[in-house]
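Heads up, the thing below is written out as structure tokens.
Bear in mind these aren't lab numbers, they're just calculated from the coordinates by the rules spelled out. None of these values were measured; they are calculated from a predicted model. Note: ideal-geometry Cβ built from the backbone for every residue, glycine included; neighbour counts use all protein chains shown.
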Amino acid sequence: MLITLTVQNFGIIENLLMEFDRGLNVLTGETGAGKSIVLDALSAALGGRCSPEAIRYEQKKALVETQFYIDNIPRINNLLIEAGLEPEEDGTLIMTREINRSGKNLCRINGRSVVLSIYREIGKYLIDMHGQHQQQSLLDIDKQRELLDAFGGKEHLDLLTATGEAYRSWQMVYKECKELTFDEQEKQKKTDMLLYQIEEINKAQLKPGEDVELAAEFNILLNAEKIIRLINESYNYLYEGSSGTRAVTEQLSKTVSNLETLQEYGAAFIDMKTAMESMLYQIEDMARDLANYRHNIEFNPQRLQAVEERLDLINRLKYKYGDSVDEILKFQEKAEQELDTIAHSHEKIDELIKLNSESEREYLTLAVQLSESRQKIARKFQTAVSQELHALEMPAAIIEVEITRVSQGFNGHDKIEFLFTANPGEPLRQLAKIASGGELSRVMLALKSIFAEMDEIPTMIFDEVDSGIGGRALQAVAEKLDYLSQQRQVICVSHAVPIACLAAKHFQVVKQFTHNMTVTDIRELNMTERVEELSRMLGGKNVTSITRDHAKQLLNRSLNKK
């Protein structure tokens, strides 16, 4: 149940706090006072589309916040837990959304930041909003199918899900089968191309990592003369010396000898001598390594040319098949597998044709079961909706579900369409072609009445459901809304006196002009104020004592019935 709505700097609303009650909550006011803005703010608070243009003039951001009581609604609690949000022990849920000029949205649930997608997913299970857009959606045959399936309950919906999964599996097999059964000419082209690619790679006789090793060898061969010169110079410095300078090893040997003599004059010279000996051994090892390396390297123009040609070949293959030898070899392996698949495609095709037949048969079996289930559900659905329409002062109204066979799909092979007539003697026709605005409102209200007992959404909102309706039909609509409010919280924007009279809470929406700014304000009415508002709704600008007395009588009569 919706407890409060807080709005700041949204549209022409500056600051607003509305406290709702159980039962029927009604908003009335002059045309253009801003009733639709309240519903827009409420939609935004639940994650609905909202652009920066909704922010009040000269303000940087807007804020919309709703507080709900959601105790004993498992679906919402489960969604909160899945999103990593622990439900509050007292059953409250606070949805807060901040809209900024930059277009950035800050969404919080019970004070914790969440992404808009999670925020919106939870919001759609808190309020069922019915306005002109939702009413027009009833004319769409896909929506009509969804309504019929939803009326069927869990067992039917499980069958619908199974049918969709079977169709998906069948289409996957069918697609694979179709891809393998391309014509022989295309198959031969593909085979020739694969054979050429495999032969070209095979001919190169590549080895894993070969390109890396060859690149290193090429670098050494290309710079062999320089490397040999530097090794020789380094070796000479260590063992032979240069320009009258003794070799490093000779100087270190002399130093070790001196330190050995100095040992008898202090313990410190022992450590020095040991360290110097270690250094001498390391340098001797290094000199031997340089000599060995020099022995294994030579300037070889023939080998350099061979390595360069090999690298050119590998680079040409890289351009076609991958960025490294390893990737080229993987390409070859994949090509060989594809060639093998084509070579044995007849065997694979036979398997797939068999599997395709089985998958199609499984789908068609479920689709037939789904269609039969819809036929049974349709009869109950027609009776239930017709009864609701009769209660809404449409005694001759008939709604019939027409089920016809169409091509297969995720939702079976049925086309669902609602046929309708409001008057006796008139033939049934498509709902979209014959229902007036008032009739369509009552059809939607009848459907809401049926589904109110089936879903867990705690709050229902109706935006001018009374549009195009008057007289006894309007009174019937008012009583139906009052009946719904005994099962769910109902919020209704209305211009109708019979609906306003039945409100548990009555709010008046007014537009004011203060400080050179237009502001929408909403206030909860007491009994005296309700009489005045009802008088305005009855008499317009010319409110008389007779109008007030009539309004008071209507209000008292409605309240006494409750």
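For the chain, the 222 nm mean residue ellipticity estimated from helices alone, with every DSSP H stretch of n ≥ 4 adding -39500 (n - 2.57) and the total spread over all residues, rounds to -19000 deg cm²/dmol. Antiparallel beta bridges, as assigned by DSSP with both residues in the chain, represent about 75 percent of the total such bridges.
Spin-label model, Lys190/Tyr483: points 7 Å from Cα along the beta carbon direction are separated by 6.3 nm. By the count of other C-beta atoms within 10 Å, a proxy for reagent exposure, Phe20, Phe513, Phe462 are ordered fewest to most as Phe513, Phe20, Phe462. Relative to the current alpha-carbon distance between Glu86 and Ser324, full extension at 0.36 nm per residue lengthens the span by 80.5 nm. From the alpha carbon centroid of the stretch 528-557 to that of the stretch 334-385 is 65 Å. Taking amide H positions as modeled 1.01 Å from N, with prolines and chain starts lacking one, the residues under 5 Å from Ile55 and 5 or more places away or on another chain are Gly11. On the principal axes of its alpha-carbon atoms, the stretch 203-330 has extents of 75, 33, 17 Å, going from largest to smallest. Of the residues Ile469, Leu46, Gln171, the one whose Cα sits farthest toward the positive end of the charge dipole of the chain, with +1 on the Cβ of Lys and Arg and -1 on the Cβ of Asp and Glu, is Ile469. For the chain, the calculated P(r) over all alpha carbon pairs, in 20 Å bins from 0 to the bin holding the longest distance, is 14, 28, 20, 16, 14, 7, 1 percent. Full extension of the chain between Leu262 and Arg49 yields a length gain of 67.6 nm, computed as 0.36 nm times the residue separation minus the alpha carbon distance.
To the nearest ten degrees, helix 153-180 and the longest principal axis of the Cα atoms of the chain are 40 degrees apart. Measuring r between the beta carbons of Val115 and Thr4 and using R0 = 35 Å, the FRET efficiency lands at 0.90.
Take every pair of alpha-carbon atoms less than 8 Å apart whose residues are at least six positions apart; their mean separation over the length of the stretch 39-148 yields a relative contact order of 27 percent. The C-alpha atoms of the chain define a longest principal axis, and helix 184-204 lies at about 30 degrees to it.
Charge tally around Asn110: other residues with Cβ under 10 Å, Lys/Arg +1 each, Asp/Glu -1 each, net 0.
The amide H of His130, built 1.01 Å from its N in the peptide plane, has Ile461, Phe462, Asp463 as neighbours under 5 Å, considering only residues 5 or more places off or on other chains.
Length gained on full extension, Val510 to Lys433: 24.0 nm, using 0.36 nm per residue less the C-alpha separation.
For Asn78, put the label point 7 Å out on the Cα→Cβ axis and report which residues of the stretch 1-34 keep their amide N under 20 Å from it. Within reach of a label on Asn78, which here means backbone N under 20 Å from a point 7 Å along Cα→Cβ, the stretch 1-34 contributes 1. Over all other residues within a Cβ to Cβ distance under 9 Å of Asp521, the charged ones net out to +1, with Lys and Arg as +1 and Asp and Glu as -1. How far is helix 527-539 tilted, in degrees, relative to the longest principal axis of the Cα atoms in the chain, given as a value from 0 to 90 rounded to the nearest 10? Value to nearest ten degrees: 80. Using only Cα atoms, locate the centre of the stretch 465-490 and the centre of the stretch 498-514, then give the distance between them in Å, rounded to an integer. Going from one Cα centre to the other spans 16 Å. Mind scanning Lys60/Lys104; Lys207/Lys318; Lys178/Lys348; Lys334/Lys354; Lys203/Lys318; Lys124/Lys448 and naming the pairs with a C-alpha gap bigger than 18 Å? Distance filter (> 18 Å) returns Lys334/Lys354.
Along the charge dipole of the chain, Cβ charges K/R +1 and D/E -1, which of Leu311, Ala503, Tyr196 sits furthest on the positive end? Farthest towards the positive end: Ala503.
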